[in-house]
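One structure is given below, encoded as structure tokens.
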Amino acid sequence: MSRRLTAEGTAPVSNLLRAGLIVAATVAAFAVLALAGGAPATAYRHTYLQFNLCGNACNGAGLGVVTDLVKSINERTPFAITLNEVCENQYLRLRADLIPYDGRFDPTGATCRNGARFGNAILVRATNVNVVGSWELPNPAGDEARRLMCVSTQLSAAASLVICVTHISNVSGNIAAQVTLVARIVNGLSLDNAVLLGGDFNTDPADARLNALYRVCYSSGTGAFDEADSAGCASRSVIDGNAGSDVINEDTYGRQKFDYIFLSDGDWSSAGADATEAVNGLSDHDVLWATAIFRVGDSAPGSPAAHPTTA
């Protein structure tokens, strides 16, 4: 599943993916699947984390929330982490304390109480993280600046993963325009790449403004993504709904689901998610954890992806 990496508004970055080190992916399980009519594929069951850590408003740029987050990350070892409302000093402490992780910080223009820059961040349990692009989102209602950032990491000589993060405005007049641009970019990236999009969207799943992200098997969906906490085209109309033994669309902000982990169609299977309260109440958002099997193409013999390791 060799894929070329391009994005609207950015130069092609396939040259970034041809060079560099091949990362040994961290996995909890490993299997070899037979693709109908194709080559064998390597499957990795990974954990992913999305969290609005409320770094300034709730924590005043303090590091207590970072200490608790590091503990949770070390316990569950997510492969990729998408974060919102991060002060840069908090991000730098995360990078220093999480030795196996590489990452990128994307400032949005605001500053925290201590003067540090403020924005979104991505951390990946890998050593070869490259920026695909960073885009300013429309702001017709005049709210604070919002952005989308995407990075890539190489899992094998033949397979890469694009990870994106965004934080959509909580001003209603901005949501449609911002989601539309985010969807246009990530849907485009998903044509040639496996893509994960995490973020705080400040609206619930049934909102028609999210239609451009959800794939067509969901009610009114027109996009290319499953959402990890309603995988298998589950209902978008309920919060904390029962689906057998699972709870779908779990609330992450009061009684609303604002946090999402979107997975590009066809690249993952067995996806699921659960929300857990932020430790010690250090954020007004819950932590969203997802697990899914990421399937990559046939790996070269002896490459790290051909012989995955377990953390």
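Observations on the structure shown:
- Tally, over the stretch 119-130, of residues that are part of a strand (DSSP E or B) and either of a type in the set (Asp, Glu) or surrounded by fewer than 22 Cβ atoms within 10 Å (Cβ to Cβ) (or both): 2
- Residue ID - surrounded by the most Cβ atoms within 10 Å (Cβ to Cβ), chosen from residues in the stretch 163-193 that are closer than 15 Å to residue 143 by Cβ and among the small types (Gly, Ala, Ser): 169
- Filtered residues of the stretch 181-204 (kept if without any contact (Cβ under 8 Å) to a residue 40 or more places away in the chain and either hydroxyl-bearing (Ser, Thr, Tyr) or not in a helix (DSSP H, G or I) (or both)): 191
- Restricting the stretch 169-188 to residues that are more than 14 Å from the chain's Cα centre (by Cα) and among the hydrophobic types (A, V, I, L, M, F, W, C), the residue that is nearest to residue 261 (Cα to Cα) is 179.
- Qualifying residue in the stretch 99-114 (condition: part of a strand (DSSP E or B) and touching a residue at least 60 places away in the same chain (Cβ under 8 Å)): no
- Just one of the listed residues (41, 7, 31) is modelled with pLDDT under 95 and assigned to a loop (DSSP other than H, G, I, E, B), and it is 7.
- With respect to the conditions (1) at pLDDT 95 or above; (2) in contact with a Ser or Thr (Cβ under 9 Å, 6 or more places away or on another chain); (3) farther than 20 Å from residue 49 by Cα; (4) buried (at least 17 other Cβ atoms within 10 Å of the Cβ), residue 158 lacks only one, and its number is (1).
- Within the stretch 236-253, not a single residue is at pLDDT 95 or above, polar (S, T, N, Q) and in a strand (DSSP E or B).
The values are calculated or read from the model by the stated rules, or taken from the named source; none is laboratory data. If you're wondering where the values come from, they're calculated on a predicted model, not measured in any experiment. With ideal geometry, Cβ positions are generated from the backbone for all residues, glycine too; neighbour counts draw on all protein chains shown.
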